[in-house]
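What follows is a single structure, written as structure tokens, with notes after it.
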Amino acid sequence: MVRQSSLVVVANRLPLDDNAAPDGACEWRRSPGGLASALHAILQSTPATWVGWGGGTGDAPDMPDIGRLRIRPIALSQAELAGYYEGFANSTLWPLYHDAVEQPVFDRGWWETYRAVNRRFAEAAAAVAEPRAAVWVQDYHLQLVPAMLRELRPDLLIGFFLHVPFPPPELFMQLPRRVELLRGMLGADLVGFQRPQAAHNVAQLATKLLGAAATDDQIVLPTPGGDRVVRTGAFPVSIDVAEMSALAARPDVMNHARQLRTDLGQPKRVLLSVDRLDYTKGIEHRLTAYSELLRDGRVKVRDTVMVQVAVPSRERVESYQTLRDRIEGEVGRINGEYGRVGEPAIHYLNQSFDRADLAALYQTADVMVVTPLRDGMNLVAKEFVAARADGTGALVLSEFAGAAAEFENAFLVNPHDVDGLKATLLEAMDARPGDLANRMGSMRDHLNRHDIVRWARDYLATLDHSGRIVELIPRPRTPSVPVPLV
Ligand code: G6P
């Protein structure tokens, strides 16, 4: 018998990732990326069901509950992975939604697979949702699910949240399937975005493409059964602040941070970047700026080191493979030109790190450099702030990350402007401790008041005015349940 829940979350990824070991055995790891971490933090203590993909192909694996959270895995075949995930989601929508910083690919074959996989997710969610349950659909992979679910289960309350930017209308209009994609998303009762501009863009498109009457917080859609109201709004996502603060305060993590500094040769300054290896993250622009600072003699390898963590991501997608080649070529060039024996200019790590190791790295950094060309939010910036209870450390942050709207006291920068980026890096490196403490203090105040629990509760309270659903998300923070290794 199918177990049903009153809250169902539907996201492409489950919080655990099925990484097949070289001998073919199944090895679960925490999923990469901010979305899975953020949702995992709130849902582990919530009686809900998470519908998602476990990262492998073939039959869906059996997965145990995590805390109070039930897991409902979705199977993907190799061909579906190629057409739905690597294709339409990550080679068409992802680059287009990020200002087309990489050319989106319009392949007519991918659409049918995207639609079929969205239907599978919708059917799975419909099967595990209690009568009048709330179903909360996440991100660009599943943009057709809200309308499909409404057809299958008109009794449900349906939410959709887009973690990535929603592009300006001129860009969205390039999509051959723009009407279906817009209608799919607007199948929800409430569509949430990271920033208000996204709701404005969708309102313009709904007016133009669907003949709706739209404002920035409401879209009235004409349908054969009469008008239907879709609410929209900005709900900036956040992190589990308590988890990162607790990790950063652990004695073993603090020792590890000190050890890292020793391993780096006790430099005067450590610059750190932590990104998924993705062309939206501005890694190449950052390397250019840093190598020019070395060339100009403004930064000396002897007293400054840069650590670039580039977490492997979407490795079968060609644009990610060529990006990796370019980055590694550039890191090699910079180290070849400016490094010394035992003193590389850049420490480049193409690996995943666990949460405790990340917390140690965040504490080791004097300057955290987060300079995406476009980013829905960027939770690394928030994690860094959460890890710096002592008020030290500078955050250099791209104006094009959603987090910039909340961290006005970061060293904000336009990453496309290499000269501006160089100047801002120097400013952050040379800032007075008092200035840094003021900036960090105000960012920490903001973050402490806006953590992931608040995000989920704000969203769910807006979706469901009765208050029935929001009460499923515990108000006081409960300690994190570690991800079980199975
Ligand atoms: C971004 C997306 C998420 C995604 C994450 C990791 O943050 O908004 O939906 O899960 O990247 O990417 P991946 O392709 O590994 O799921």
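Antiparallel beta bridges, as assigned by DSSP with both residues in the stretch 1-142, represent about 35 percent of the total such bridges. If both residues of a DSSP beta bridge must be in the chain, then about 25% of such bridges are antiparallel.
About its Cα centre, the stretch 59-156 has a charge dipole of approximately 380 debye under the convention of +1 per Lys or Arg Cβ and -1 per Asp or Glu Cβ, with nothing else charged.
Computed 3J(HN,Hα) for the stretch 87-102, one whole-Hz value per residue from the Karplus formula 6.51 cos²θ - 1.76 cosθ + 1.60 where θ = phi - 60°, is x, 4, 5, 9, 10, 10, 5, 4, x, 5, 6, 9, 6, 6, 5, 10, glycine and proline marked x.
Our coupling estimate for the stretch 300-309, obtained by passing each phi through the Karplus curve with A = 6.51, B = -1.76, C = 1.60 and θ = phi - 60°, is 10, 4, 5, 10, 10, 10, 10, 10, 10, 8 Hz, Gly and Pro reported as x.
Along the charge dipole of the chain, pointing to its positive end and built from +1/-1 on Cβ of Lys, Arg, Asp and Glu, which listed residue (MET185, PHE166, GLN103) has its Cα farthest out? Value computed over the given set: MET185.
Sorting the segments 100-107, 358-365 by their mean number of nearby beta carbons within 10 angstrom, highest to lowest, gives 358-365, 100-107.
Working note: 222 nm ellipticity from helices only, DSSP H runs with n ≥ 4, each -39,500 (n - 2.57), summed and divided by the residues of the chain, gives -12000 deg cm²/dmol to the nearest 500.
Using Cα atoms only, what is the angle between the long axis of helix 318-338 and the major principal axis of the chain, expressed in degrees (0 to 90) to the nearest 10? Taking Cα atoms only, the helix is inclined about 10 degrees. Computed about its Cα centre, the charge dipole of the stretch 241-449 is approximately 340 debye, with only Lys, Arg, Asp and Glu carrying charge at their Cβ. Scanning residues 5 or more positions from VAL9 or on other chains, those with amide H under 5 Å from its amide H are THR49, TRP50, VAL51, TRP136, with H placed 1.01 Å from N in the peptide plane. Give the relative contact order (percent, whole number) for the stretch 241-449; include only Cα pairs under 8 Å separated by 6+ residues. Normalised by residue count, the contact order of the stretch 241-449 is 25 percent. Packing, taken as the mean count of other beta carbons within 10 Å per residue, orders the peptides 416-424, 153-161 from highest to lowest as 153-161, 416-424.
Axis angle, to the nearest 10 degrees, between helix 433-449 and the longest C-alpha principal axis of the chain: 20 degrees.
Given Cα pairs under 8 Å that are at least 6 residues apart, what percent is the relative contact order of the stretch 332-456?
Relative contact order comes out at 22 percent.
In order along the stretch 412-421, the phi-based Karplus estimate (6.51 cos²θ - 1.76 cosθ + 1.60, θ = phi - 60°) of 3J(HN,Hα) comes to 7, 8, 8, x, 6, 9, 4, 5, x, 5 Hz; Gly and Pro are listed as x. If you line up the long axis of helix 355-364 against the longest principal axis of the chain, both from Cα atoms, how many degrees apart are they, to the nearest 10? In the chain, helix 355-364 runs at an angle near 40 degrees to the longest axis.
Relative contact order for the chain: what is it in percent, counting Cα pairs under 8 Å that are at least 6 residues apart?
14 percent
Taking amide H positions as modeled 1.01 Å from N, with prolines and chain starts lacking one, the residues under 5 Å from ALA212 and 5 or more places away or on another chain are THR207.
At a 10 Å Cβ-Cβ cut-off, how would you order HIS141, HIS347, fewest neighbours first?
HIS347, HIS141
For the stretch 241-449: lysine pairs with Cα atoms under 21 Å, gap of 8 or more or different chains, count?
Lysine pairs meeting both conditions in the stretch 241-449 amount to 5.
Rule-based calculations on the coordinates, nothing more; no lab input. Source: prediction; values computed, not measured. Cβ sites come from the backbone with ideal geometry, for glycine too, and all protein chains shown count toward neighbours.
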